[in-house]
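Single-structure report; data block below.
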Amino acid sequence: MTPKVLIPEEKIRQRVQELADEISEAFQNTPVTIISVLKGALVFTADLMRFLKSNVEVDFIRVKSYRGEKKEKLEATYKPELNLKGKNVLIVDDIFDTGESLQFVYREIAQHSPASIRTCVLLEKEVERKVDIKPDFVGFKIPNRFVVGYGLDINDMYRELPYIGYLDK
Ligand code: HPA
Ligand code: MG
């Protein structure tokens, strides 16, 4: 099944460029240490970092959820190896949905004593959230439906699509 287009390739490219300008302005040409959340933010990160005007370091974090005794829990199965102490970190994630993943990554990164942490997501779903955190930079707000493409997956499929799409049920 081919996903229907929600955000076409050209619109993504334009917006990613604009986002990069917003971020470059916020960092005032000082170095940015990107922490990209695998695997979903892979494509977005690769495009975004090429438009930034600052010097960029990049590392990754991989988060998986597992069933705890009472509820879903998150754990980092890969953690950044870069020394983050005193760095100005930009966490880059694909989608702000429940917010739990971004909150988890934020807390994980905060433990490494960076000078600052800002957060950037490509997509923000319009849903009610239980977390305090709000991303500093948002590419697109989207309705509450499951999307794939441009890094986002369902069962690891469709990450390679150049657009953001949705599956008709
Ligand atoms: N698509 C893919 N991955 C996701 C989504 C989505 O809509 N929401 C949270 N993770
Ligand atoms: Mg996924």
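The values are calculated or read from the model by the stated rules, or taken from the named source; none is laboratory data. Because the structure is a prediction, the values reported are computed rather than measured. Heads up, the Cβs are rebuilt from the backbone with ideal geometry, glycines too, and the neighbour counts pull from every protein chain shown.
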Report task. Could you pull out the residue among 63, 56, 5 that is crowded, with 17+ Cβ neighbours inside 10 Å and either within 16 Å of residue 100 (Cα to Cα) or out of contact with any His (no Cβ under 9 Å at 6 or more places or on another chain) (or both)? Result -> 63
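Filtering the range 147-169 down to residues that are on the phi < 0 side of the Ramachandran plot and outside any loop (DSSP other than H, G, I, E, B), which residue is surrounded by the most Cβ atoms within 10 Å (Cβ to Cβ)?
Step by step, filter the range 147-169, then rank; the result is 164.
The rows are residues; the columns are (1) closer than 19 Å to residue 42 by Cα; (2) within 14 Å of ligand 1 (Cβ to nearest atom); (3) out of contact with any helix residue (DSSP H, G or I) (no Cβ under 8 Å at 6 or more places or on another chain).
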residue	(1), (2), (3)
61	yes, no, no
83	no, no, yes
112	no, no, yes
124	yes, yes, yes
157	yes, yes, yes
Requested in this report: Report, by residue number, each residue of the range 126-160 that is within 16 Å of ligand 2 (Cβ to nearest atom) and among the aromatic types (Phe, Trp, Tyr).
Outcome: 146, 150, 158
Requested in this report: Go through the range 113-146 and give me each residue that's of a type in the set (S, T, N, Q) and under 18 Å from residue 35 (Cα atoms).
Outcome: 113, 116, 119
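So which of 167, 84 ends up being more than 21 Å from residue 18 (Cβ to Cβ), within 14 Å of ligand 2 (Cβ to nearest atom) and over 13 Å from the mean Cα position of the chain (by Cα)? Break it down stepwise before answering.
On the way: 84 fails: within 14 Å of ligand 2 (Cβ to nearest atom).
Testing whether each residue is more than 21 Å from residue 18 (Cβ to Cβ), within 14 Å of ligand 2 (Cβ to nearest atom) and over 13 Å from the mean Cα position of the chain (by Cα) leaves just 167.
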Report task. Tell me, yes or no, whether the range 136-146 has at least one residue that is under 14 Å from the mean Cα position of the chain (by Cα), crowded, with 19+ Cβ neighbours inside 10 Å and within 15 Å of ligand 1 (Cβ to nearest atom). Result -> yes
Report summary line: Within the range 63-81, residues without any contact (Cβ under 8 Å) to a residue 12 or more places away in the chain and away from ligand 1 (no atom under 16 Å from the Cβ) come out as 67, 68, 69, 70, 71, 73
Report summary line: Among (1) closer than 20 Å to residue 151 by Cα; (2) in contact (Cβ under 8 Å) with a residue 12 or more places away in the chain, residue 10 falls short only on (2)
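Consider residue 130 carefully, then state whether it is loosely packed, with under 15 Cβ neighbours inside 10 Å, more than 16 Å from ligand 1 (Cβ to nearest atom) and either modelled with pLDDT under 95 or not acidic (Asp, Glu) (or both). Please lay out each step first, then the result.
Details: loosely packed, with under 15 Cβ neighbours inside 10 Å: yes; more than 16 Å from ligand 1 (Cβ to nearest atom): no; either modelled with pLDDT under 95 or not acidic (Asp, Glu) (or both): yes.
The answer is no for residue 130.
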Query raised in the report: Out of the residues in the range 89-117 that are among the charged types (D, E, K, R) and away from ligand 2 (no atom under 16 Å from the Cβ), which is surrounded by the fewest Cβ atoms within 10 Å (Cβ to Cβ)?
Result: 107
